[in-house]
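Notes follow the structure.
The values are calculated or read from the model by the stated rules, or taken from the named source; none is laboratory data. Because the structure is a prediction, the values reported are computed rather than measured. Because the Cβ atoms are built from the backbone with ideal geometry, glycine has one as well, and the counts that use them run over all protein chains shown. We work out accessible area using only protein heavy atoms, side chains counted, and drop any ligands, DNA or RNA first. Shrake-Rupley method; radii C 1.70, N 1.55, O 1.52, S 1.80 Å.
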Amino acid sequence: MKKFASFLLITAISTSLWAQTKPAADTTATDSLMNALNKSEPKDEPVIATFKSTRLILGSTTETVKKNNLNFLVIHRFGDLAGSQGGGKTFFGLDNSSDIYIGFEYGVSNNLDILFGRSKFAQQIDLGLKYAVLHQTSDNSSPIAITLLGKAGVKAYTDDIAFPTFGDRFAYVGQAIIARKFSSAFSLQISPTFVRHNSVFPYVFGNEKDMFALGVAGRLKVNKRMAIVVDYAHPFSSFRNNATGADAFYDPLGVGLEIETGGHVFTIVFSNAKAISESSYLANTQSDWGKGQFRLGFTISRMFSFNKDKKDKKY
């Protein structure tokens, strides 16, 4: 027994010495696996795809369009699904449209976008900038992503006594979008927002020109190409809190199913917000989910790249 134990000890020592002195070219698959396991922690690389699109349901996400890419957006809201303005007589709202938005987002750099869009609601034209100031990193040295959004909108064609001068038609939005990707399946963001209307909107006595709001949105991945998305906002407004009856206001809320289809991101949504532009849906959502005053809608996001192919040609 002692001879056997001595033989094992001598064999182990010899094997260890041989392993330490063998050439690097003799490295086995086992050695490669052990080396991979012993590698240091991941470097602080940016976390990608916190959200799959630059917009969710109601508002923007922290995602930006990459340099020399163009994102084309088509966003549609139909009429009330139920209630006095819905039901079978309007084909559950499909006969009507409360808002249609056509938008373009161009990446000046990987972190800076120029935004342009036009809404049917109040015939508003929007121009804005979106800048990613901080990215979440894989090593949690930066646990969150922060993107800043600024927009100016003008109701250029609306004929309304509420706008005695052209300057009264302008509205502004400033927003900080703060997001975290908690796992490959779940992302969450909050969006502190300031809204300014040069003339009160809607035009009702006692309404405020300035308003703060807070948005909360989340995305839960269902499978490789589908996710459930939720988007909610609460305007902080004493005027809206005190309005009752037919003049009551409600917090905008949207739920939807997001589907990736190659270069498209297609989202089917239900929302009580009629308007699509931030300054409009935050200031003027008067539809109640409980009365069936919510509507079917969709968002189509299509990305186009204008980057030249830089692949090296070898002859």
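The table for this structure:
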quantity	calculated
Filter result for residue 249 (on the phi < 0 side of the Ramachandran plot, open to solvent by 10 Å² or more (accessible area, probe 1.4 Å) and outside any strand (DSSP E or B))	yes
Filter result for residue 297 (under 21 Å from the mean Cα position of the chain (by Cα) and in contact (Cβ under 8 Å) with a residue 40 or more places away in the chain)	yes
Candidate set: the range 227-250, residues that are at pLDDT below 95 and aliphatic (A, V, I, L, M); chosen: the one nearest to residue 183 (Cα to Cα)	248
The range 194-225 - residue that is open to solvent by less than 60 Å² (accessible area, probe 1.4 Å) and under 15 Å from the mean Cα position of the chain (by Cα) and, of those, farthest from residue 163 (Cα to Cα)	219
Residues of the range 70-96 that turn out to be touching a Lys or Arg at 6+ places or on another chain (Cβ under 9 Å) and closer than 16 Å to residue 254 by Cβ, as a count	8
Pair list, Cβ < 9 Å and 6+ apart or interchain, from the range 128-144 residues that are at pLDDT 95 or above to residues that are aromatic (Phe, Trp, Tyr)	128/116
Matching residues, the range 159-193, being open to solvent by less than 30 Å² (accessible area, probe 1.4 Å) and farther than 26 Å from residue 50 by Cβ	162, 163, 171
Where residue 231 falls short, out of the listed (1) without any contact (Cβ under 8 Å) to a residue 40 or more places away in the chain; (2) part of a strand (DSSP E or B); (3) surrounded by 15 or more Cβ atoms within 10 Å (Cβ to Cβ)	(1)
Qualifying residue in the range 146-155 (condition: in contact with a strand residue (DSSP E or B) (Cβ under 8 Å, 6 or more places away or on another chain), crowded, with 21+ Cβ neighbours inside 10 Å, in a loop (DSSP other than H, G, I, E, B) and not polar (S, T, N, Q))	no
Test: residue 125 is modelled with pLDDT under 95 and either of a type in the set (A, V, I, L, M, F, W, C) or within 17 Å of the chain's Cα centre (by Cα) (or both)	no
Residues that are small (Gly, Ala, Ser), touching a Phe, Trp or Tyr at 6+ places or on another chain (Cβ under 6 Å) and part of a strand (DSSP E or B), drawn from the range 188-228	none
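Every residue, every condition in (1) touching a helix residue (DSSP H, G or I) at 6+ places or on another chain (Cβ under 7 Å); (2) open to solvent by 60 Å² or more (accessible area, probe 1.4 Å), yes or no:
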position: 58; (1), (2): yes, no
position: 87; (1), (2): no, no
position: 96; (1), (2): yes, yes
position: 124; (1), (2): yes, no
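Rundown of residues vs (1) open to solvent by less than 70 Å² (accessible area, probe 1.4 Å); (2) of a type outside the set (Ser, Thr, Tyr); (3) not in a loop (DSSP other than H, G, I, E, B), yes/no style:
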{"site": "66", "(1), (2), (3)": "no, yes, no"}
{"site": "70", "(1), (2), (3)": "yes, yes, yes"}
{"site": "73", "(1), (2), (3)": "yes, yes, yes"}
{"site": "84", "(1), (2), (3)": "no, no, no"}
{"site": "103", "(1), (2), (3)": "yes, yes, yes"}
{"site": "109", "(1), (2), (3)": "yes, no, no"}
{"site": "130", "(1), (2), (3)": "yes, yes, yes"}
